[in-house]
Amino acid sequence: MAVGGDITYRRMNTAAGGVYADSAGRRKDVLDVLAPQGFDLARIRVYNKPGNVVVNEGEEQQLQPGWQDIDDAVKNAQAAKARGMKVLLSFHYSDFWTNPGLQIRPADWKGYSQSQLETAVYDYTARSLRAMRRAGVTPQYVSIGNEINNALADVSRWTSPADYFALLKSASKAVRDTSPTSKIVIHLTTPDSTTYAGWIDDARANGLDYDIMGVSLYPFWTNMSIGSLANFASWVGTASGKPVMVAETGAPWTLKASGAGETSLIERNELDPDGPENYGATPEGQLRWTREFFRAMYDTGKVVGISYWDPISIDFADGADPNGWIVGGDNEVEDTSFFGYGPTHKALPGLSAFRTW
């Protein structure tokens, strides 16, 4: 079973002044801290054109341009491969974050008909994978969408199911045509047997070609024990007839935010940090939870990989990246990272779970 996590922010954070270090305080490339601990799966997110403005619930938002696109992904993948890691390339098919309630198609695809959208998905997927292959970093796994329970690129599974699955079939075909050794991952969100059973049945009815079922398994978003999460992963494998990947998971090492006036992810959403269990939101609690979670997933006999979200998220003073954009501040999930608060972000004890589970 491969165990690792998302490394997408690696180059962006470092370029803006974020500093990673091992547990002894020695400054290093973050991958040189992760790899010796047994971290061997690098998830890398890719967006179509970061920097394009999207409107989300009336608010204009955007990612920093120059990062989290396919060029950035290639460089991160090369660095990961050089350290012996497998690569999970995660397509979002958007210029911005995607999740079950937010699947905004790229600006370049606005106004496209269904047939044009299918072609665009195919072409973008194929072009990106060819770039990876030319760079010598063909990914072992390719996720065609991120938490796509309800929609993909604005196409609803509920109102236009045939069109929704047609987009996924275009993405799948592009992977088969241009990167045939890559395993195709479907990434759905938090555990719900009704949702998953319906999706699996619909995918089968629509003839979707894929290899692995991916699921997000967080204790604090689900209020489920490790045992219950493992049981769900096992059920998903049986129901789908596919191996399972934990595409996202996480556990907090603190409930304290890094800066005055800020709140942590757990506090902000008024969540129970470790679900119904009592590991504690401490560095030691994070280590115990992560180690036991990894072991439970392995014991299912169904799970082939675990990708932690986000192992390298750090909160550091704002700095300008080489493009002149301000990067820093809140990196979203620094309270569930494996690096402490700065200015030098030292590896936490929980990172050893990757080699001791």
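What does the highest-first list of 138-151, 95-108 look like by mean Cβ count within 10 Å?
138-151, 95-108
By how many nm would the segment from N269 to T159 lengthen if fully extended, with 0.36 nm per residue of separation less the alpha-carbon distance?
36.6 nm is the gain from fully extending N269 to T159.
Among 129-136, 340-347, 3-10, what's the highest-first ranking by average C-beta atoms within 10 angstrom per residue?
3-10, 340-347, 129-136
Going down the table (K75/K169; K75/K256; K28/K302; K86/K302), which pairs top 24 Å between alpha carbons?
Pairs exceeding the cut-off: K75/K169; K75/K256; K28/K302.
At each listed q (0.11, 0.15 Å⁻¹), what is the log10 of I(q)/I(0) that the Debye formula gives for segment 1-111 modelled as equal alpha-carbon point scatterers?
At q = 0.11, 0.15 Å⁻¹ the computed log10 ratios are -0.41, -0.70.
Between R11, R26, R157, find the one with the highest GNM mean-square fluctuation for the chain; connect C-alpha pairs within less than 10 Å.
Result for the chain, Cα springs under 10 Å: R26 fluctuates most.
Where Rh denotes the Kirkwood radius from the mean inverse Cα pair distance, what is Rg over Rh for segment 2-356?
For segment 2-356, the value is 0.94.
Summing -39500 (n - 2.57) over the DSSP H runs of n ≥ 4 in the chain and dividing by its residue number, what mean residue ellipticity at 222 nm do you reach, to the nearest 500 deg cm²/dmol?
-10000 deg cm²/dmol
If you take the Cα atoms of segment 132-187, find Rg, then find the Kirkwood Rh from the mean of 1/r over all pairs, what is Rg/Rh?
Looking at segment 132-187, the ratio lands at 1.04.
Taking segment 69-137 as the region of interest, what is the percent of Cα-Cα pairs per 10 angstrom bin, listed from the shortest bin to the one with the maximum distance?
Reading upward from the zero bin: 18, 43, 29, 9, 1.
For D22, what is the net charge nearby, where nearby means another residue's Cβ is under 15 Å from its Cβ and Lys, Arg count +1, Asp, Glu -1?
+4
Amide H to amide H, which residues 5 or more places from R43 or on other chains are under 5 Å from it, using H placed in the peptide plane?
Amide H neighbours of R43, under 5 Å, 5+ apart: G5, D6, I7, L88.
Just for the Cα atoms in segment 169-277, what are the lengths along the principal axes, largest first, rounded to whole Å?
Largest to smallest, the principal-axis extents are 51, 29, 20 Å.
What residue among A15, A73, A42 has the largest mean-square fluctuation in a Gaussian network model of the chain, using Cα springs under 10 Å?
A15
The numbers here are math on the coordinates, done by the rules we state, and not lab data. Nothing here was measured: the structure is a model prediction, and the numbers come from that model. So basically every Cβ, Gly included, is an ideal-geometry build from the backbone, and we count neighbours across all protein chains shown.
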